[in-house]
Structures are given as C-alpha cells and as structure tokens.
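The values are calculated or read from the model by the stated rules, or taken from the named source; none is laboratory data. A quick note: this is a predicted structure, and the numbers were derived from the prediction, not measured. Here the Cβ positions follow ideal geometry from the backbone for every residue, glycine too, while neighbour counts run over all protein chains shown.
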Amino acid sequence: MPLVEGIPPIGGKVGHPKHKPDLVQGDRAYDSNAHRQALAEQGIRSQLARRYTKHGSGLGVTRWVVERTIAWLHQFRRLRIRFERRADIHEAFLKLSCCLICWRFIKAV
C-alpha cells in the first residue's frame, strides 16, 4: 500500500490530475485478501495472480512491457548494480539510459 500511496499525480488531461491508478497488477507475492480489500476501499481494481494455480493468469499480456523495459535498463552496468549512494545521481543515470534507449530505437526505425 505505501507503493500505491506514493504514486505522484498524473497530469496531461484538462482538470485535476489523477492521484490513483485505475488498476493494479501484481504477481503471486501480493496474493492476499488484505491487499485486495485495501485496494477496493480506495476504488482501485486489482488484478493479482492467485497462489497455487497454474501459470497463465493473463498478467503476462501486459507485464512483458515492464519486464522488457527493466531488461533494457539492466544493459547499463551502473543501473544493474547500484553503486551511487545519492538518489539524484542514480536518477540522472536512469534518465540518461532512457534517453539512450529511445535514441537507439528511433535510430533503428
């Protein structure tokens, strides 16, 4: 829940910025009625994989985007193993690596 509460406001459209997501996806580690109930109380739909079930919950359809992006970021050694003590320096390397990934993608197209 601290992770969901720590989401910054999402702007872009006219009006008040959005303060909470419409849907939260999670793997089997988050499978509990307490998590589902806490999200429902905040008006957030949950799509959490159930424990002790076969794979194929349907989360992989959208989760692969996240897994692929993390794999791209792990190409950069400084992000794979965090050496920086200061968060601002780590964030700077993160932004630089995102710029390089986008540049490589645009260059390939």
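Structural remarks
- Flag for R36 being touching an Asp or Glu at 6+ places or on another chain (Cβ under 7 Å) and of a type outside the set (A, V, I, L, M, F, W, C): no
- Considering only residues in the range 47-72 that are over 15 Å from the mean Cα position of the chain (by Cα) and either among the β-branched types (V, I, T) or surrounded by 11 or more Cβ atoms within 10 Å (Cβ to Cβ) (or both), the one that is modelled with the lowest pLDDT turns out to be S57.
- Annotation note: of R80, R104, R51, R85, the sole residue that is of a type outside the set (F, W, Y), in the same structural domain as G26 (by TED's automatic domain parsing) and farther than 28 Å from H19 by Cα is R51.
- Taking (1) loosely packed, with under 10 Cβ neighbours inside 10 Å; (2) touching a residue at least 12 places away in the same chain (Cβ under 8 Å) in turn, A34 satisfies each apart from (2).
- Qualifying positions in the range 72-91 - of a type in the set (K, R) and in contact with a His (Cβ under 9 Å, 6 or more places away or on another chain): R78, R80, R82
- Any hit, the range 31-38, residues being modelled with pLDDT of 90 or more and in contact with a Lys or Arg (Cβ under 6 Å, 6 or more places away or on another chain): no
- Take the conditions (1) of a type outside the set (D, E); (2) at pLDDT 85 or above; (3) under 15 Å from the mean Cα position of the chain (by Cα); I44 misses just one of them, which is (3).
- Check on Q75, surrounded by 11 or more Cβ atoms within 10 Å (Cβ to Cβ) and either closer than 16 Å to P2 by Cα or of a type in the set (D, E) (or both): no
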